[in-house]
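Below is one structure; the comments refer to it alone.
The values are calculated or read from the model by the stated rules, or taken from the named source; none is laboratory data. Just so we're clear, the structure is a prediction, and the values are computed from it rather than from any experiment. Note: ideal-geometry Cβ built from the backbone for every residue, glycine included; neighbour counts use all protein chains shown.
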Amino acid sequence: MSLSIAIMEGDGIGPEVMRAAYPVIEAVSERFGIELRLENADAGDRVKSGTGAALPERSLDVIRSSDACLKAPVGQCAAEVIVKLRQMLDLYANIRPAKNLPGVASPFGDVDLVIVRENTEDLYRGMEFEFEGGAIALRLITRKATAKVAEYASKLAAGRNRGKRVTCVHKSNVLRFTDGLFSRTCRETVAKFGDVLYDEMLVDAAAMNLVRNPGAFDVIVTSNLYGDILSDEAAQIAGGLGFAPSGNIGEANAIFEPVHGSAFDIAGHDVANPVALILSSAMMFRHLGMKKAAGEYLLAADAIESAVSALLSKGIRTPDAGGTCSTSQFGSTVAQAIRVAPVAP
Ligand code: IPM
Ligand code: MN
């Protein structure tokens, strides 16, 4: 069985972190006999200046017909690309784990939470208008999209070995209709999953509790903009944006990408941290493994994560994390570790 993977190299540090991820996915492909067909689906600033379109039709078609897309960060026109893709392909859940990694400095030692961010609605619909002396934005929240993301969060919590708890983050004391609907729908949806505990937190309190005691969280479900903000905060708490992967999940399609941006300030110097993208590729194999009931994809995900952890605990890291390893060296070292790792019992 072969997998078709759409590849978006993006802008800034995008192409170089992607070049570090290539040997890693090649190593798991060889090791676990997974035939990969990589197809270019580029988008972003470079593509726009060449073709006029930030997200060319062809790239959209490639992503649509792929099993999954692995995406590096896009620059100035990031919103034109990823926000559009999330909405067009109905990638309704954005999964953003924040977890301590061995050897990666964090003020906390027990962070292992997942933010499940609603990914298609909210202020991200871009319904903004100007008038003389002001501007207005409309916020969309529907029961359908909220129930879908809450269901995803519930299943995720049920399958994890933490508190089996979903915390809904909202601001319904002010946004009575939109966040009122969001929190009510989450409450009703999670209640259908008997063994999953449920609580609610206002978004300001959640932002505070994340820096006070992040170990107390299991799965957070929240709306699009709060999820955007809280996932950067959670990533920093767990060790930094350079280590934070994510997955945009829909029924038919999925896109895996780092939480971080295109970091033009360090682009081209072979110093960017490729871990977030490499761990995003592990999330991709895990997602496909579950979806297609394919054990070898799950083994690939485990192998990537173990190899990354093993390197980090040996102090092999890029300069942002206090190491001296280059982007490309890191990628090839992970690949090598996967090739020589002993077979799991
Ligand atoms: C993210 C990014 C995007 C977002 C930007 C690039 C539009 O910050 O994926 O978190 O706001 O969702
Ligand atoms: Mn963001």
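Per-residue answers, yes or no, for (1) of a type outside the set (A, V, I, L, M); (2) modelled with pLDDT under 95; (3) over 18 Å from the mean Cα position of the chain (by Cα):
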site	(1), (2), (3)
69	yes, no, no
74	no, no, no
81	no, no, no
84	yes, no, no
91	no, no, no
125	yes, no, yes
130	yes, no, yes
**Message:** Among the residues of region 243-262, what is the count of those that are more than 13 Å from ligand 2 (Cβ to nearest atom), surrounded by fewer than 23 Cβ atoms within 10 Å (Cβ to Cβ) and among the small types (Gly, Ala, Ser)?
**Reply:** 3
**All positions within region 99-147 that are in a strand (DSSP E or B) and either touching a residue at least 40 places away in the same chain (Cβ under 8 Å) or assigned by TED's automatic domain parsing to the domain that holds residue 306 (or both)** = 99, 112, 113, 114, 115, 116, 117, 118, 122
**Asked** Just checking, how many residues over region 242-254 are touching a helix residue (DSSP H, G or I) at 6+ places or on another chain (Cβ under 6 Å) and near ligand 1 (Cβ under 10 Å from one of its atoms)?
**Response** 2
**Prompt:** When you look at residue 42, is it more than 15 Å from ligand 2 (Cβ to nearest atom), outside any helix (DSSP H, G or I) and either outside the structural domain of residue 166 (by TED's automatic domain parsing) or closer than 26 Å to residue 266 by Cβ (or both), yes or no?
**Reply:** yes
**Message:** Quick check on region 208-233: of everything there that is more than 10 Å from ligand 1 (Cβ to nearest atom), small (Gly, Ala, Ser) and in contact (Cβ under 8 Å) with a residue 60 or more places away in the chain, which residue is surrounded by the most Cβ atoms within 10 Å (Cβ to Cβ)?
**Reply:** 223
**Asked** In this structure, does residue 328 turn out to be part of a helix (DSSP H, G or I), among the polar types (S, T, N, Q), out of contact with any strand residue (DSSP E or B) (no Cβ under 7 Å at 6 or more places or on another chain) and away from ligand 1 (no atom under 14 Å from the Cβ)?
**Response** yes
**Prompt:** Pick from 64, 86: which is among the basic types (Lys, Arg), within 16 Å of ligand 2 (Cβ to nearest atom) and in a helix (DSSP H, G or I)?
**Reply:** 86
**Prompt:** Has region 7-17 got at least one residue that is among the charged types (D, E, K, R) and farther than 20 Å from residue 275 by Cβ?
**Reply:** no
**Message:** List pairs: first residue in region 259-275 and closer than 21 Å to residue 23 by Cβ, second residue within 16 Å of ligand 2 (Cβ to nearest atom) and acidic (Asp, Glu) anywhere in the structure, Cβ distance under 9 angstrom, at least six positions apart or on different chains.
**Reply:** 260/232; 267/11
**Message:** residue 96 - would you say it is part of a strand (DSSP E or B) and either crowded, with 19+ Cβ neighbours inside 10 Å or not assigned by TED's automatic domain parsing to the domain that holds residue 232 (or both)?
**Reply:** yes
**Asked** Within region 297-316, can one find any residue that is part of a loop (DSSP other than H, G, I, E, B), more than 14 Å from the chain's Cα centre (by Cα) and buried (at least 20 other Cβ atoms within 10 Å of the Cβ)?
**Response** no
**Item:** Scan of region 57-77 for residues that are surrounded by fewer than 19 Cβ atoms within 10 Å (Cβ to Cβ) and either farther than 25 Å from residue 127 by Cβ or in contact (Cβ under 8 Å) with a residue 60 or more places away in the chain (or both), ordered by number
**Value:** 58, 61, 64, 65, 76
**Message:** Among the residues that make up region 234-242, is at least one of them under 15 Å from the mean Cα position of the chain (by Cα) and either on the phi > 0 side of the Ramachandran plot or not in a helix (DSSP H, G or I) (or both)?
**Reply:** yes
**Asked** In region 278-291, how many are more than 17 Å from residue 306 (Cβ to Cβ) and either within 15 Å of ligand 2 (Cβ to nearest atom) or touching a residue at least 12 places away in the same chain (Cβ under 8 Å) (or both)?
**Response** 2
